[in-house]
Amino acid sequence: MTMIEVKDLSKVYGSGETKVIALDSVNLTIEQGQFVAVMGPSGCGKSTLLHLIGGLDRPTTGTVTVEGKDISKMSDTTLTELRRRKMGFIFQFYNLIPVLDAVENTALPLILDGVKPETARIKAKEWLTRNKLEDRGSHRPDELSGGQQQRVAISRAMVADPVIVLADEPTGNLDSRSGDEIASVLRKIVSDWGRTVLMVTHDPRIAAYADRIIFLKDGRIVDDALLSGDNGDNAKRLKEKVEAL
Amino acid sequence: MSVRHALLGLLAQQPRYGYELCAGFTALAGGRENWDVKPAQIYTTLSRMTDSGLVTLANGKNDNSLEKPLYSITLVGMEELMNWFRDSVLEEPHQDAFYLKLMLSLELDEVDAVRLIQIQRTALFQELHRITELRQSLDPQQQLAQILLMDKAVMHLEADVRWLDMIESRLEEVQHQPPPKPYLRPRGRPPSQ
């Protein structure tokens, strides 16, 4: 099933001489249950692509369709609703609330959505347990390591059962060992819990956890590589590329 | 060379039979999928080392005996092994087949260097993905040695990917430079004045 479809998507900032084309007619289809990494040099448009797919920004032209619904034409209210119910966001900086403990931080999106605090806490603890933080529930962010804080942030992103998880440099602020931990949590979100993950990263070892890598350059997709799945399939794709030489 | 010294290392622990040495080497090298050395090669190496006096047969050499040969290390073998430990190991990452391919592609109109880099990068990422999955499937409480070996593979692949990125970003520059050319020495008798 197609989860995300991007058609002729462009984003232009500014106009006239200061005009910057961040994305240039990008086409992309992402299936449900795929773990996709987006790579490319800084300024290539990878974060812009993520923000447009997440409805955090509006395209200049083109469309973004999520589960068959065109989000580029939605009203702000409908879009906010969709983001809250269908999407989970993970950023480089964990954006946890310092005065709340891990359970409260994780439960927050549900409570803001009107879920009873007790129910929200139970769901929050479930996700913290899945992310191996069951004994850290009452710790506040400043009592947790960077990797643990990011796992709280992932739990918070997952608590409302989103179908899509969007991660923007989720390991950018971590050492390589904690980075591996976070990448394997994202891997599990796809492999064990069947969600779709789109992750922007500049780190090859983190991108290697994904099933597919999209390479962007100057706002365009320059390459699209499948890493896993049927090896025969991969060989075929490679062969096609070789023949295109 | 390493196979020979690894066998000496295993024999320095205790005398062993040939099949033990095959299994011992495979385990040490991180499994057959990581470093596939055929038993035939191990036995050839053992017989060469026996001939040169590094290894001896602990249960006597008798071609008619049904008993399997039990190998043990000699004093000369021990000395050879210690020399090996004293030496450092330098690999040769600069003898690179992809580099040759890329350099030749710069001179051939039929081949697109950018595409060459993309194909290589995809292959590296597929390998990186495979190693990452393999590494994830190992148990850090039981298989730390193998994990460290996989880490090395990951780091090398990562470096190769970064190197490709660097080439790609400077491809135009290098395309405008002539690739390394051989210096041809004039042959034959110098032309007469």
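The values are calculated or read from the model by the stated rules, or taken from the named source; none is laboratory data. Bear in mind that the values here come from a model prediction, so they are computed numbers and not experimental data. Note that we place each Cβ from the backbone using ideal geometry, even for glycine, and neighbour counts take in every protein chain shown.
Within region A:157-208, take every residue that is closer than 28 Å to A:G114 by Cβ, small (G, A, S) and part of a loop (DSSP other than H, G, I, E, B) and give me the one that is nearest to the other protein chains (Cβ to nearest Cβ).
So, considering only residues that are closer than 28 Å to A:G114 by Cβ, small (G, A, S) and part of a loop (DSSP other than H, G, I, E, B), the one nearest to the other protein chains (Cβ to nearest Cβ) is A:G194.
Any chance region B:111-119 includes a residue that's under 22 Å from the mean Cα position of the chain (by Cα), surrounded by fewer than 20 Cβ atoms within 10 Å (Cβ to Cβ) and without any contact (Cβ under 8 Å) to a residue 60 or more places away in the chain? Before you say what the answer is, go through the steps one by one.
Narrowing region B:111-119 to residues under 22 Å from the mean Cα position of the chain (by Cα): none.
Looking through region B:111-119, none of the residues is under 22 Å from the mean Cα position of the chain (by Cα), surrounded by fewer than 20 Cβ atoms within 10 Å (Cβ to Cβ) and without any contact (Cβ under 8 Å) to a residue 60 or more places away in the chain.
For (1) at pLDDT below 95; (2) over 26 Å from A:D192 (Cα atoms); (3) more than 14 Å from chain B (Cβ to nearest Cβ); (4) within 18 Å of the chain's Cα centre (by Cα), each residue gets a yes or a no:
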residue	(1), (2), (3), (4)
A:T2	yes, no, yes, yes
A:Y13	yes, yes, yes, no
A:E17	yes, yes, yes, no
A:I21	yes, yes, yes, no
A:I30	no, no, yes, yes
A:V36	no, no, no, yes
A:T77	yes, yes, yes, no
A:R85	yes, no, yes, yes
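Here is a yes/no grid of residues against (1) buried (at least 22 other Cβ atoms within 10 Å of the Cβ); (2) free of Cβ contacts under 8 Å to residues at least 60 places away in the same chain:
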| site | (1), (2) |
| --- | --- |
| A:L9 | yes, yes |
| A:G40 | yes, no |
| A:G43 | no, yes |
| A:T65 | no, no |
| A:T80 | no, yes |
| A:R84 | no, no |
| A:F89 | no, no |
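Could you tell me how many of the residues in region B:166-189 are within 14 Å of chain A (Cβ to nearest Cβ), without any contact (Cβ under 8 Å) to a residue 40 or more places away in the chain and under 23 Å from B:P93 (Cα atoms)? Break it down into steps so the answer makes sense when it comes.
Within region B:166-189, the first condition is being within 14 Å of chain A (Cβ to nearest Cβ), and the residues that meet it are B:166-172.
Narrowing further to those that are without any contact (Cβ under 8 Å) to a residue 40 or more places away in the chain: B:166, B:169-170, B:172.
With under 23 Å from B:P93 (Cα atoms) added as a condition, the list becomes B:166, B:169-170.
Qualifying residue count, region B:166-189: 3.
Looking at region A:214-234, is at least one residue over 24 Å from A:G43 (Cα atoms) and modelled with pLDDT of 95 or more?
Residues of region A:214-234 over 24 Å from A:G43 (Cα atoms): A:227-234.
From what's left, modelled with pLDDT of 95 or more: none.
Checked region A:214-234: no residue is over 24 Å from A:G43 (Cα atoms) and modelled with pLDDT of 95 or more.
Report yes if B:S72 is part of a helix (DSSP H, G or I) and either away from chain A (no Cβ under 14 Å) or touching a Ser or Thr at 6+ places or on another chain (Cβ under 7 Å) (or both), otherwise no. I'd like the intermediate steps shown before the answer.
Working: part of a helix (DSSP H, G or I): no; either away from chain A (no Cβ under 14 Å) or touching a Ser or Thr at 6+ places or on another chain (Cβ under 7 Å) (or both): yes.
Criteria not met by B:S72.
Among (1) surrounded by 14 or more Cβ atoms within 10 Å (Cβ to Cβ); (2) of a type outside the set (K, R); (3) out of contact with any strand residue (DSSP E or B) (no Cβ under 7 Å at 6 or more places or on another chain), there is one condition B:A27 misses while meeting the rest; what is its number?
(1)
Quick check: anything in region A:100-121 of a type in the set (A, V, I, L, M, F, W, C), in a loop (DSSP other than H, G, I, E, B) and buried (at least 18 other Cβ atoms within 10 Å of the Cβ)? Steps first, please.
First, pick out the residues of region A:100-121 that are of a type in the set (A, V, I, L, M, F, W, C): A:100, A:102-103, A:107-108, A:110-112, A:115, A:120.
Pick out the ones that are also in a loop (DSSP other than H, G, I, E, B) and you get A:100, A:115.
Add one more test, that the residue is buried (at least 18 other Cβ atoms within 10 Å of the Cβ), and what stays is none.
No, region A:100-121 contains no residue that is of a type in the set (A, V, I, L, M, F, W, C), in a loop (DSSP other than H, G, I, E, B) and buried (at least 18 other Cβ atoms within 10 Å of the Cβ).
Kindly indicate whether B:Q141 is of a type in the set (S, T, N, Q) and assigned to a helix (DSSP H, G or I). Explain how you work it out, then say what you get.
Working: of a type in the set (S, T, N, Q): yes; assigned to a helix (DSSP H, G or I): no.
It is false that B:Q141 is of a type in the set (S, T, N, Q) and assigned to a helix (DSSP H, G or I).
So A:Q150 fits all but one of (1) farther than 23 Å from A:R83 by Cβ; (2) at pLDDT 95 or above; what number is the exception?
(1)
In region B:123-165, how many are closer than 22 Å to B:F98 by Cα and either away from chain A (no Cβ under 12 Å) or among the β-branched types (V, I, T) (or both)? Outline the logic, then answer.
Within region B:123-165, the subset closer than 22 Å to B:F98 by Cα is B:123-131, B:152-165.
Pick out the ones that are also either away from chain A (no Cβ under 12 Å) or among the β-branched types (V, I, T) (or both) and you get B:131, B:152, B:154, B:161.
Result for region B:123-165: 4.
State whether the residues of region A:148-159 include one that is out of contact with any helix residue (DSSP H, G or I) (no Cβ under 6 Å at 6 or more places or on another chain), without any contact (Cβ under 8 Å) to a residue 12 or more places away in the chain and within 24 Å of A:A120 (Cβ to Cβ).
no
So how many residues does region B:78-122 have that are more than 10 Å from chain A (Cβ to nearest Cβ), out of contact with any Leu (no Cβ under 7 Å at 6 or more places or on another chain) and part of a helix (DSSP H, G or I)?
Number satisfying all stated conditions: 13.
State the number of residues belonging to region B:157-182 that are more than 17 Å from A:P41 (Cβ to Cβ) and surrounded by fewer than 15 Cβ atoms within 10 Å (Cβ to Cβ).
Kept after step one, since they are more than 17 Å from A:P41 (Cβ to Cβ), are these residues of region B:157-182: B:157, B:159-160, B:174-182.
Narrowing further to those that are surrounded by fewer than 15 Cβ atoms within 10 Å (Cβ to Cβ): B:159, B:174-182.
Residues meeting the conditions: 10.
Considering region A:185-207 alone, what residues qualify as being in contact with a Phe, Trp or Tyr (Cβ under 6 Å, 6 or more places away or on another chain) and either among the hydroxyl-bearing types (S, T, Y) or buried (at least 24 other Cβ atoms within 10 Å of the Cβ) (or both)?
The initial filter retains those residues of region A:185-207 that are in contact with a Phe, Trp or Tyr (Cβ under 6 Å, 6 or more places away or on another chain), namely A:187, A:190, A:197.
Selection gives A:V197 alone.
Being assigned to a helix (DSSP H, G or I) and surrounded by fewer than 18 Cβ atoms within 10 Å (Cβ to Cβ) is the filter here; which residues of region A:122-139 pass it?
A:I122, A:E126, A:T129, A:E134, A:D135
For region A:173-184, which positions are closer than 19 Å to B:T132 by Cα and not hydrophobic (A, V, I, L, M, F, W, C)?
Passing the criteria: A:D175, A:S176, A:R177, A:S178, A:G179, A:D180, A:E181, A:S184.
Counting residues that are over 26 Å from A:I182 (Cα atoms), which strands (runs of 3 or more DSSP E) fully inside region A:13-98 reach at least 3? Full working, then the answer.
Values: elements: A:20-31, A:35-39, A:61-66, A:87-90.
Here the list reads A:20-31, A:61-66.
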